[in-house]
1. Once you sort the root eigenvalues of the Cα gyration tensor of segment 245-299 as a ≥ b ≥ c, which label holds: rounded (a/c under 1.5), prolate (a/b larger than b/c) or oblate (the other case)?
2. Give a quick list of chymotrypsin sites (Phe, Trp or Tyr not before Pro) in segment 208-280 that DSSP marks as loop, anything other than H, G, I, E or B, with at most 13 other Cβ atoms within 10 Å.
3. What does the charge count near Asp345 come to, summing +1 for each Lys or Arg and -1 for each Asp or Glu among other residues with Cβ under 13 Å from its Cβ?
4. Could you give me the ³J(HN,Hα) list for segment 35-45, computed from phi with Karplus coefficients 6.51, -1.76, 1.60 and θ = phi - 60°, whole Hz, x at Gly and Pro?
5. For segment 251-371, with all protein chains present and a 1.4 Å probe, just round the carbon and sulfur fraction of the accessible area to a whole percent.
6. Work out the FRET efficiency for Leu281 and Asp166 from their Cβ-Cβ distance, taking R0 = 35 Å, and round it to the nearest 0.05.
7. Shape of segment 221-271 from its Cα gyration tensor (a ≥ b ≥ c, root eigenvalues): rounded if a/c is under 1.5, otherwise prolate when a/b > b/c, or oblate?
8. Would you pull out the residues with amide H under 5 Å of Tyr278's amide H, same chain only if 5 or more places away, H placed 1.01 Å from N?
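The values are calculated or read from the model by the stated rules, or taken from the named source; none is laboratory data. Remember, it's a predicted structure, so these values are computed and weren't measured experimentally. Cβ: placed from backbone, ideal geometry, glycine included. Neighbour counts: every protein chain shown. The area values use the complete protein model at the heavy-atom level, side chains included, leaving out ligands, DNA and RNA. Shrake-Rupley method; radii C 1.70, N 1.55, O 1.52, S 1.80 Å.
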Amino acid sequence: MKYFRNLIAGIGILVLLSTFLPSLAYANEGQTYEVNSTILNVRSEPAADSQIVGLLQKGNNVMAFNEQHGWVQTYYGGIEAWVAKHHLIPVGNTHQNNPTVSKTSSETITVTATSVNVRSGPGMDYSIIDSTRSGDTYNLVETSGDWHNVNLGNGSTGWIAAWLTDSNHSSKSQVASLTTNTSSNDSKPASNRSLEGYTIVLDPGHGGNDPGAIGLGGIYEKDLVSSTATKVESQLRDAGANVINTRSGDYYVSLNKRVNISNANHTDAFISLHFDSYPALSVKGVSTYYANDTDRKLAQNIQSTLASSVNLNNRGLMQGNYRVLRSTTAPSVLVELGFISNPNDLAIIQTAEYQNQVAKAITNALIEYFH
């Protein structure tokens, strides 16, 4: 009888384990999924009633790091977030798409750019896990394409763009004919040139008790600007630029202070980021403002690169007498990145994909402008 009771108890434990363990299991490391729904909510917790922190569109890629109760954990705008797994289609393990070389402990690399992001994988679309600066030296672990995996000295590793180090080459043991299937966000800045030595002031509009425009669904302009500015800053730093923000959180900064921040730092370019609004819902698209002829070339570079990079209406160049433009000594532009009063624009501009496209376009436009 005792043996029978123990057998029944053991079977019960196995049933419980088989019921709960799958819902708590980690997803395959680096597993990539494709969004299969027209619009997919990104939530703060793995629950249908949790806060919506963003939106994804059909065809967007999601990298999963954890799975719970039918929800997949990923990163959205640099923070942990969750999406419902039944809206996703697996597209293979990301690590299998990136050829790597044998590990080595004898070679070191030194960072040559002023400020550089350390990322979780070999590409600009991977999350930032640390930062480093010119002169920092690391032991090289491996090389994947144009990215170096380095030992961070705390038992972990991270990836640094090779073109921002003194070892701007792939490993000697890498086969020359080997190619990769990386997304456009994994590529180097335009023409393989960098922004090293240039200071860019990034001006996220509004903040604090100044929400800016209020769009459909009560969306605040200041919030969309902040999340976009984070991505623009990241790409600029990856390109080697020294980036100064007029605000780095949700607080008010006067127009005079924004101007003073730029003028006091001998800025090479001043970029003010905004989203637009208009009573007529049909008005949509992106535009770039400049104050005078000395700013026009920079505005042209940014507007043309944006228009060819994002799937929004091109409203073109516009001249505007904005204080942050006319009072800064550096070449200055104000970019309106879409209408939060237009349903189509709003659905797109809230996505991480769009904001990354904006970041890359602005970075490449600045590279072309300075070179």
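1. Verdict is oblate for segment 245-299.
2. Passing sites in segment 208-280 are Tyr251, Tyr252.
3. Spelling it out: positives minus negatives among the neighbours equals -1.
4. Taking θ as phi minus 60°, the curve returns 5, 10, 10, 4, 9, 10, 6, 9, 10, 6, 9 Hz for segment 35-45.
5. Roughly 46 percent, rounded to a whole number.
6. 0.10
7. Because a/c hits 1.5 or more and a/b fails to exceed b/c, segment 221-271 counts as oblate.
8. Excluding prolines and chain starts, which carry no amide H, the hits are Ser341.
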